[in-house]
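Everything on this sheet refers to the single structure shown next.
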Amino acid sequence: MAARDAPRLVPCPTCGKPAPFAPANAWRPFCSERCRSADLGAWASERFRVPAAAPTDNDSSVPDA
């Protein structure tokens, strides 16, 4: 396999280890099933959240029904 035919390596989102981003890697972009499961668990337990301010009663951005 030539260097240009080698799969692109990306850092695993969970552990940072280089992982091949190719169809041969069933867990892409993760390096393993363990890292993929850890990431899924983090989402399920709501450790990944987008911070937002709580709406107030005077919030005019929400239309009245």
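The values are calculated or read from the model by the stated rules, or taken from the named source; none is laboratory data. These numbers were taken from a predicted model, which means no experiment stands behind them. Please note: Cβ atoms are built from the backbone with ideal geometry, for glycine as well, and neighbour counts cover all protein chains shown.
At a glance:
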| quantity | calculated |
| --- | --- |
| Cβ pairs under 9 Å, 6+ apart, first in the stretch 41-62 and under 23 Å from Pro13 (Cβ atoms), second at pLDDT 75 or above and outside any loop (DSSP other than H, G, I, E, B) | Arg47/Gly41; Phe48/Asp39; Phe48/Ala42 |
| Positions within the stretch 28-51 being assigned to a loop (DSSP other than H, G, I, E, B) and loosely packed, with under 15 Cβ neighbours inside 10 Å, in sequence order | Ser45, Glu46, Arg47, Phe48, Arg49, Val50, Pro51 |
| Filtered residues of the stretch 10-25 (kept if in contact with a Lys or Arg (Cβ under 8 Å, 6 or more places away or on another chain), assigned to a loop (DSSP other than H, G, I, E, B) and not aliphatic (A, V, I, L, M)) | Thr14 |
| Tabulated pairs, the stretch 23-38, first free of Cβ contacts under 8 Å to residues at least 24 places away in the same chain and under 13 Å from Pro11 (Cα atoms), second of a type in the set (Asp, Glu) and outside any loop (DSSP other than H, G, I, E, B), C-beta under 9 angstrom, 6+ apart or interchain | Trp27/Glu33; Phe30/Asp39 |
